[in-house]
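What follows is a short report on a single structure.
The values are calculated or read from the model by the stated rules, or taken from the named source; none is laboratory data. Bear in mind the structure is a predicted one, so any value in this text is a computation, not a measurement. Counting neighbours? That spans all protein chains shown, and the Cβs are built from the backbone with ideal geometry, glycine included. Calculation scope for accessible area: heavy atoms of the full protein, side chains included, ligands and nucleic acids excluded. Shrake-Rupley method; radii C 1.70, N 1.55, O 1.52, S 1.80 Å.
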Amino acid sequence: MPKKKIIFLLGPTGIGKSAAAIILAKKINAEIISCDSMQVYRKMNILTSKASSAQRKKIKHHLLSKIDPTREYNVAKYRQDALLICEKLFRKGKTPLFVGGTGLYYSIIVDGLFPAVPQDKAIRTKLEKQLKQKGNKYFYRKLLKVDAGAAGKIHPNDTRRIIRALEVYLKTGECISQLQKNRVGLGKDYNIKVLGLNLDRQHLYDRINQRVDKMFELGLISEVKRLLKYKLSQTAQCAIGIRELKGYFDANYPLAEAKRLMQRNSRHYAKRQLTWFRKDKRIKWVDIKQKESPAQVALKLWKKLS
RNA sequence: GCCGAGAUAGCUCAGUGGUAGAGCGCGGCCCUGAAAAGGCCGGCGUGGGGGGUCCGAUUCCCUCUCUCGGCA
């Protein structure tokens with residue numbers, strides 16, 4: 001029996017993955033699974049450029065608007081949810097088409113998640129308190145003592161990772177650097193195709209800037225204002241636009257500045273995404289031109305699949 | 001046309017007689033339970049053109065060009 005096929009469509013924010021994906025999905029009898037860490041949240045539609053309900057009627061989208069923005073979400077949950085949906089699609093005879101720009105989520109599906117422990121609130125609070133009192137250097141030395149392997153890979157200022165490594169050690173007595181070696185990916189059991197969309201940097205940045213302009217036209221301000229009435233989870237509040245608009249609502253700067261920051265942070269984000277994707281040799285890149293329509297892009301993608 | 005100010009990084013500008021910095025922008029990279037997050041690295045330059053003084057000029061002098069004010 002041939003291996004079941006899973007397709008990924010990756011690419012930087014704003015490049016036009018979603019629109020092309022819908023057309024591609026139609027052609028290949030696929031349903032779309034979002035590979036995006038922010039589109040899972042409800043009430044964040046304009047902010048995350050989620051597919052419209054009209055688009056969603058054309059092709060079923062999974063893992064969109066699944067979680068309330070007051071709740072936490074993370075890679076492990078994503079993996080669990082996404083694999084479940086994959087199985088469901090296979091039973092229906094559909095091909096899963098993962099679409100998104102969250103490189104870690106992609107990697108976690110394809111390369112696997114090493115068996116570790118979930119976050120532990122109590123341990124974290126303690127560690128964070130210690131970090132505050134003793135400073136980065138001391139904290140880093142602490143990690144160096146218990147897990148030199150991890151310390152070698154983590155910069156002393158990257159306290160978020162240091163906390164995680166220590167958390168794993170305190171919880172399990174094992175080194176995260178050792179655990180990380182045990183990951184089992186999907187490659188053996190499935191036929192995985194990975195497509196990437198790219199556009200020259202200047203035009204990509206133009207698109208990103210324009211997309212932010214568009215968000216404002218569509219009513220971003222009231223959407224975010226509404227969102228801020230809730231106590232957003234730590235993860236949900238990381239979406240680009242929330243912090244930036246909050247500064248405007250708090251009268252720290254004018255609206256134009258909020259928009260400028262959103263555009264800049266989105267550009268930086270796209271750049272980081274490209275860095276992440278660049279080193280992944282499994283990605284088959286499809287270069288698009290500035291003015292290509294979603295249908296044209298979808299056609300190029302489709303050709304790349306055969 | 002005259003008077004004044006200026007011309008230094010992609011932009012805004014600082015500074016110095018011993019071949020230049022800052023902020024923003026931009027580029028590169030790392031990444032496993034917060035990943036649209038978090039962290040690291042990089043000045044990316046014919047100092048407007050030409051001449052002079054000097055051991056040595058981006059810095060001082062002359063000149064040309066351009067820009068911005070003001071006066072005509």
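Could you check region A:60-98 and list, in sequence order, the residues that are in a strand (DSSP E or B) and touching a Ser or Thr at 6+ places or on another chain (Cβ under 7 Å)?
Result: A:His61, A:His62.
Condition (residue is at pLDDT below 95, more than 22 Å from the chain's Cα centre (by Cα) and among the hydroxyl-bearing types (Ser, Thr, Tyr)) applied to region A:238-255: is it met by at least one residue?
The answer is yes, given that some residue of region A:238-255 is at pLDDT below 95, more than 22 Å from the chain's Cα centre (by Cα) and among the hydroxyl-bearing types (Ser, Thr, Tyr).
Quickly run through region A:112-152 and pick out the residues that are among the aliphatic types (A, V, I, L, M), within 11 Å of RNA strand B (Cβ to nearest atom) and open to solvent by 40 Å² or more (accessible area, probe 1.4 Å).
If the condition is that a residue be among the aliphatic types (A, V, I, L, M), within 11 Å of RNA strand B (Cβ to nearest atom) and open to solvent by 40 Å² or more (accessible area, probe 1.4 Å), then A:Leu113, A:Ala116 are the ones that fit.
Here is a check on your reading of the model: is A:Gly16 in contact (Cβ under 8 Å) with a residue 40 or more places away in the chain and out of contact with any Ser or Thr (no Cβ under 6 Å at 6 or more places or on another chain)?
Considered against the rule, which asks whether it is in contact (Cβ under 8 Å) with a residue 40 or more places away in the chain and out of contact with any Ser or Thr (no Cβ under 6 Å at 6 or more places or on another chain), A:Gly16 comes out as yes.
What tally of residues in region A:226-235 results from selecting those that are over 12 Å from A:Ile46 (Cβ atoms) and open to solvent by 20 Å² or more (accessible area, probe 1.4 Å)?
Residues meeting the conditions: 6.
Can you tell me which residue within region A:167-199, out of those that are open to solvent by 80 Å² or more (accessible area, probe 1.4 Å) and of a type outside the set (Lys, Arg), is farthest from RNA strand B (Cβ to nearest atom)?
Step by step, filter region A:167-199, then rank; the result is A:Asp189.
Checking A:Arg207 against (1) near RNA strand B (Cβ under 10 Å from one of its atoms); (2) in contact (Cβ under 8 Å) with a residue 40 or more places away in the chain, which test does it fail?
(1)
Would you please name the residue that is nearest to RNA strand B (Cβ to nearest atom), looking only at residues in region A:253-291 that are under 23 Å from A:Arg201 (Cβ atoms), free of Cβ contacts under 8 Å to residues at least 24 places away in the same chain and part of a loop (DSSP other than H, G, I, E, B)?
Going through the qualifying residues, I end up with A:Lys279.
Determine, yes or no, whether A:Ile109 is more than 6 Å from RNA strand B (Cβ to nearest atom), within 30 Å of A:Leu10 (Cα to Cα) and assigned to a helix (DSSP H, G or I).
Yes, satisfied.
Which residues, taken from region A:238-249, are more than 8 Å from RNA strand B (Cβ to nearest atom) and either touching a residue at least 40 places away in the same chain (Cβ under 8 Å) or touching a Phe, Trp or Tyr at 6+ places or on another chain (Cβ under 8 Å) (or both)?
A:Ile242, A:Gly247
Take A:Asp158 and tell me if it is near RNA strand B (Cβ under 8 Å from one of its atoms) and either farther than 18 Å from A:Ser107 by Cβ or not polar (S, T, N, Q) (or both).
Taking the combined requirement at face value, the residue satisfies it.
Per-residue answers, yes or no, for (1) surrounded by 17 or more Cβ atoms within 10 Å (Cβ to Cβ); (2) more than 27 Å from A:Gln55 (Cα to Cα); (3) in contact with a Lys or Arg (Cβ under 7 Å, 6 or more places away or on another chain):
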| residue | (1), (2), (3) |
| --- | --- |
| A:Asn209 | yes, no, no |
| A:Asp213 | no, no, no |
| A:Leu218 | no, no, no |
| A:Glu223 | yes, no, no |
| A:Cys238 | no, no, no |
| A:Pro254 | no, yes, no |
| A:Arg282 | no, yes, no |
| A:Val286 | yes, no, yes |
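Using the structure shown, decide if A:Leu104 is closer than 25 Å to A:Asp189 by Cβ, open to solvent by 60 Å² or more (accessible area, probe 1.4 Å) and in contact with a helix residue (DSSP H, G or I) (Cβ under 8 Å, 6 or more places away or on another chain).
Spelling it out, A:Leu104 is indeed closer than 25 Å to A:Asp189 by Cβ, open to solvent by 60 Å² or more (accessible area, probe 1.4 Å) and in contact with a helix residue (DSSP H, G or I) (Cβ under 8 Å, 6 or more places away or on another chain).
Checking A:Val75 against (1) closer than 16 Å to A:Ile32 by Cβ; (2) surrounded by 15 or more Cβ atoms within 10 Å (Cβ to Cβ); (3) among the aliphatic types (A, V, I, L, M); (4) free of Cβ contacts under 8 Å to residues at least 40 places away in the same chain, which test does it fail?
The number of the failed condition is (1).
With the requirement that a residue be aliphatic (A, V, I, L, M), surrounded by fewer than 21 Cβ atoms within 10 Å (Cβ to Cβ) and farther than 21 Å from A:Cys86 by Cα, what does region A:24-59 give you?
A:Ile46, A:Ala54
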